[in-house]
Each structure stands twice: as structure tokens, then as C-alpha cells.
Amino acid sequence: MVRNGVLLNESYGYDEAFGFQLLNGKPFYFYARNEQIGISFADEEIMLGFDKILHFGCCSAGMLNPNRAERMVSFFAQRNEAWYYVEIGVYE
């Protein structure tokens, strides 16, 4: 993923970055590094503790991709054998 002309994977050592959006006006995206999944929000990284987040699904699987809104994002994630529906947002 590229932000302001900078390849994030190379700059931050990500294996993958996906799901970029503005969340409450600040940059938000998911990343994978060393088999761990985290988020970056307002240029701060937070590890989530999930093994997998569904994304880039096509056709009917696309309904499981992260859903974006102005102040939140929802997604499906896996930890061990359990699946979770997760919402992250800025609630004021």
C-alpha cells in the first residue's frame, strides 16, 4: 500500500497492509508483520492479537471484507480456531 508516495510495506517492514480509510478524519489501516496482525491509527500501531482478518474477498466472499464507515470499521477475525465479529471506532 502506498500513502503519500511512500510504500508502507518497505518503510515499516509489513508483510502486507490493507484496508486504508480515514477514520474520524485520521489515517487507519490493517497490517501484518511477522505473522501478527495489527492496525495503524493516526500513525500509532496497535497489535490486535488475531491470526487472520478476512479481506480482499471476491464476489459473495466480499461481504466478509472489512466494512468502512466515517467513525468505525467492522471486520471478521480469527484467533486460534474461533471467529469473531469486531468493531473498532471513535465514539464520542
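The values are calculated or read from the model by the stated rules, or taken from the named source; none is laboratory data. Computed from a predicted structure; not experimentally measured. Cβ coordinates were reconstructed from backbone atoms using ideal geometry, including for glycine residues, and neighbour counts include every protein chain displayed.
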Legend entry - Only listed residue being assigned to a strand (DSSP E or B), touching a Gly at 6+ places or on another chain (Cβ under 7 Å) and hydrophobic (A, V, I, L, M, F, W, C), chosen from Ile88, Ile39, Ile46: Ile46
Inset, instruction - Test Phe20 against the stated conditions and say whether it is of a type outside the set (Val, Ile, Thr), surrounded by 14 or more Cβ atoms within 10 Å (Cβ to Cβ) and either at positive phi or not in a loop (DSSP other than H, G, I, E, B) (or both). - result: yes
Inset, instruction - Could you grab me the full set of residues in the stretch 60-79 that are of a type in the set (S, T, N, Q) and either touching a strand residue (DSSP E or B) at 6+ places or on another chain (Cβ under 7 Å) or modelled with pLDDT of 95 or more (or both)? - result: Asn67, Ser74, Gln78
Inset, instruction - Please specify each residue of the stretch 23-59 satisfying the condition of being surrounded by 11 or more Cβ atoms within 10 Å (Cβ to Cβ), out of contact with any strand residue (DSSP E or B) (no Cβ under 7 Å at 6 or more places or on another chain) and either acidic (Asp, Glu) or touching a residue at least 40 places away in the same chain (Cβ under 8 Å) (or both). - result: Asn24
